[in-house]
Amino acid sequence: MNYEREQAMRKEEAKEEAAELLRGLTEAELMDILKGVFQNADADGNGTLDRKEFATCLKDSNLGFTKKEINVLMSEVDLDGDG
């Protein structure tokens, strides 16, 4: 039960932090920015980013992500833990 409660708390915290990341942008505007940055970061064109490429992608988005925000995003999107 502790694990499930902790996971639920982490998800809620992630949602709150994600809302802060929008910084006044619409979801569509944010998606357009991130798609362009992703395509630039996907050097081999395989449609995936490794951990380093993803961190660079977020930094290059010019959305002002802090290191903490980048770490939160990276941990939340890597669902299978393969980096």
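The values are calculated or read from the model by the stated rules, or taken from the named source; none is laboratory data. Remember, it's a predicted structure, so these values are computed and weren't measured experimentally. Virtual Cβ from ideal backbone geometry, glycine too; neighbours counted across all protein chains shown. Side chains are part of the model used for accessible areas, which takes the heavy atoms of the whole protein and leaves out ligands, DNA and RNA. Shrake-Rupley method; radii C 1.70, N 1.55, O 1.52, S 1.80 Å.
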Quick one: count up the residues across region 54-72 that are within 12 Å of the chain's Cα centre (by Cα) and either open to solvent by 40 Å² or more (accessible area, probe 1.4 Å) or farther than 18 Å from I33 by Cβ (or both). 8
Of the numbered conditions (1) modelled with pLDDT under 85; (2) closer than 23 Å to K11 by Cα, S61 fails exactly one; give the number of that condition. (2)
For region 64-83, the count of residues that are among the β-branched types (V, I, T), at pLDDT 85 or above and out of contact with any Leu (no Cβ under 6 Å at 6 or more places or on another chain) equals 2
Go through the residues of region 5-19 one by one and say whether even a single one is at pLDDT 85 or above, loosely packed, with under 10 Cβ neighbours inside 10 Å and assigned to a helix (DSSP H, G or I). yes
Has region 23-39 got at least one residue that is touching a Gly at 6+ places or on another chain (Cβ under 7 Å) and either open to solvent by less than 100 Å² (accessible area, probe 1.4 Å) or at pLDDT 85 or above (or both)? no
So, in region 64-83, how many residues would count as being closer than 20 Å to E13 by Cβ, without any contact (Cβ under 8 Å) to a residue 12 or more places away in the chain and part of a loop (DSSP other than H, G, I, E, B)? 3
When residues of region 40-53 are filtered for being open to solvent by less than 60 Å² (accessible area, probe 1.4 Å) and β-branched (V, I, T), how many remain? 0
